[in-house]
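First the structure, in the form of structure tokens, and then the observations on it.
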Amino acid sequence: MNLVQKILKQHVVEGDLGSGQEIGIRIDQTLTQDATGTMAYLEFEAIGLPEIKTELSVSYVDHNTLQDGFENADDHAYLQSIAQKYGLYFSKAGNGICHQVHLEQFAKPGKTLLGSDSHTPTAGGMGSIAIGAGGLDVAVAMAGGLFYLPAPKVLQVELIGKLRPFVTAKDIILNVLQTLTTKGNVGFIVEYTGSGVKSLSVPERATITNMGAELGVTTSIFPSDEMTRAFLKAQGREEDWIELGPDKDATYDKYLVVDLSNLEPMIALPHSPDNVKTVREVTGLKVDQVLIGSCTNSSYKDLVTVSTLLNNKVVDPEVSFGVAPGSAQVLEMISSDQSLTKIVKAGGRIYESACGFCIGMGQSPRTNAVSLRTNNRNFFGRSGTESANVYLVSPETAVASALSGVISDPREVFKNQTIDFAQPTSFVDTKSLLLPPLSIENRQSIAIVKGPNIGEPPINTELPETLSALVALKVGDKITTDHIMPAGPYLKYRSNIGKYSEVVFKNVDPSFSSRAMTNKTNNVANIIVGGLSYGQGSSREHAAICPMYLGVKVILVKSIERIHRANLINFGIIPLTFEDHKDYEFIDFGDELFIDAIRDQIHQPLITILNKTKNISFQARTEFSEREISYILAGGKLNVLKG
């Protein structure tokens, strides 16, 4: 067996791993972050259990740490009281980005982790099956329920050779994205193998599995080996280590080889992580902003490397340069070893250990800026400045460019310099902002704190016998969840669905929300029509909840991404795909679409849709499991759970 099969075999409770059909797996650990966690815990409360049923669950505050207004602080208080009431760990604002902290403190080889954040696969660098999902799926897992997914196919990426100086793990995943792109990989898990694996530390592996989310795969994973053991030992967790890897005769569904020796510094151009070129191809472009951080590249290794390259140098005076450590542990360590001082002396601004600029929460670049970032995503408008162009690079390329003022190949800028970094044999034990679960006795007196911005999860209605709806929006390919639900300053309304729904598709069509709500008020359903790879990006279930609140009943697209598809079904929106992509061309904004006997047709592989405006019929694919059909018929998973 391959590694994926070995771990999943130990966790499959329903279904057959080799069938290609849906399986239900047991979840060992869960994580949430504050942008998705408030809704997840409101949903957990609705289930009605007195405590969590997982081995370990953690509530992190890392997205909305800017307390602009009362909303974020109120939500933090709610999340802390929930953790105390139900037996979770609580990571306070400032403790760090959930994926970085989870890797340091909790991730274990061979475990399953479900997180309400699409970059949960970061823990795959530790040998975990770590999957991003919507908050409702995480709530169900905390309640002891199974997580369902199609039995995955496994893509083997064999790493051979060894990276040359100033070529990094970030360049490996950018190379893979260049080859596989962000679409067409749904249903796969990436398993990294080969002789090149042993040269990569756990933080480097985590960079690769983290940004593997942009491929659209279910998750990515590395074996657990002596490198894993050394990292866990340095974290004081050697007892969590087990050796895990594929059998020598393991088989895979797809295969890709990457020769690390042939790689060079890479860069993702606007506005997609797969728009990748070599840095050499774009050198010389003037840079306005350089930001280093995010859950992809904010480890101790990353920031020591940054400080070493900046030592006794000063960034270009026309470059806005900033660094965000990934965790309180990283911040304390770079403070102790003078790395932080070197960064500040070079002209760096130091930001809080949080997601921050990666999700558009501060540090928006100036008008028409070129911004180099070590983030995992560069979607249009995500930085908070629509006219800005965001490029994704490694920390080494970021520093080289910050110093020179133009996009630069680090091999040229630092041609006479070497970096002698060794992974520490002991990490500091920073836990002042990490609160352990309360004892069962102490939980009894805890009262849940709910500020005025916190509402209840909206409930959908049952699917009618027939459905007539207007095309309220038609969009193209690669629509991301950022397109659907803008982040940044709007995230503080994540637990106020009525308010947050006012900005659905704001950056695509500002009139969509009011138009859809008017249709709903007039008892007219809404349909959204889209192209390929609809729903890329984050796991935010608000990209399903808010359209549902606005009366969207169907998403009709050429193809759809895994997490968003699951979220739509969870909230009673039907995700359909065109049987013939050409039919997309014959549907226009404002057309009336009609589906007869939809409750019966939903059980069939193909469903017939009549475009009443044009008097044309066409077919769309359903491909739902019986479990998914039960959610759709009931108007969502919460309705089923409530009975």
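The values are calculated or read from the model by the stated rules, or taken from the named source; none is laboratory data. What you are looking at is a predicted structure, and each value in this text was computed from that prediction instead of being measured. Virtual Cβ from ideal backbone geometry, glycine too; neighbours counted across all protein chains shown.
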**Asked** Counting only residues that are in a helix (DSSP H, G or I) and hydrophobic (A, V, I, L, M, F, W, C), which one in segment 116-162 is modelled with the lowest pLDDT?
**Response** L136
**Pick from segment 400-431, criterion aliphatic (A, V, I, L, M) and touching a Lys or Arg at 6+ places or on another chain (Cβ under 9 Å), ranking: farthest from K301 (Cα to Cα)** = V406
**Request:** Would you check if there is a residue in segment 264-278 being touching a residue at least 24 places away in the same chain (Cβ under 8 Å), within 30 Å of T425 (Cβ to Cβ) and surrounded by fewer than 22 Cβ atoms within 10 Å (Cβ to Cβ)?
**Result:** no
**Asked** So which strands (runs of 3 or more DSSP E) stay within segment 531-643 end to end and still have 1 or more residues that are farther than 19 Å from G134 by Cα, polar (S, T, N, Q) and over 24 Å from the mean Cα position of the chain (by Cα)?
**Response** 606-611, 616-621
**Request:** Can you tell me which residue within segment 475-494, out of those that are of a type in the set (K, R) and closer than 24 Å to I454 by Cβ, is surrounded by the most Cβ atoms within 10 Å (Cβ to Cβ)?
**Result:** R494
**Message:** Just the residues that are buried (at least 19 other Cβ atoms within 10 Å of the Cβ) and among the β-branched types (V, I, T), please, taken from segment 454-474.
**Reply:** I454, V471
**Where a residue in segment 247-259 is closer than 9 Å to L159 by Cα and its partner, wherever it lies, is part of a loop (DSSP other than H, G, I, E, B), with Cβ under 6 Å and at least six apart** = D259/G161
**Message:** Any residue in segment 1-15 that is touching a residue at least 60 places away in the same chain (Cβ under 8 Å) sitting within a Cβ distance under 7 Å of a residue that is among the small types (G, A, S) and part of a strand (DSSP E or B)? List the pairs, counting only those 6 or more apart or interchain.
**Reply:** V13/G24; E14/G24; G15/G24
**Message:** Regarding segment 61-68, can at least one residue be identified that is closer than 26 Å to T209 by Cβ and free of Cβ contacts under 8 Å to residues at least 40 places away in the same chain?
**Reply:** yes
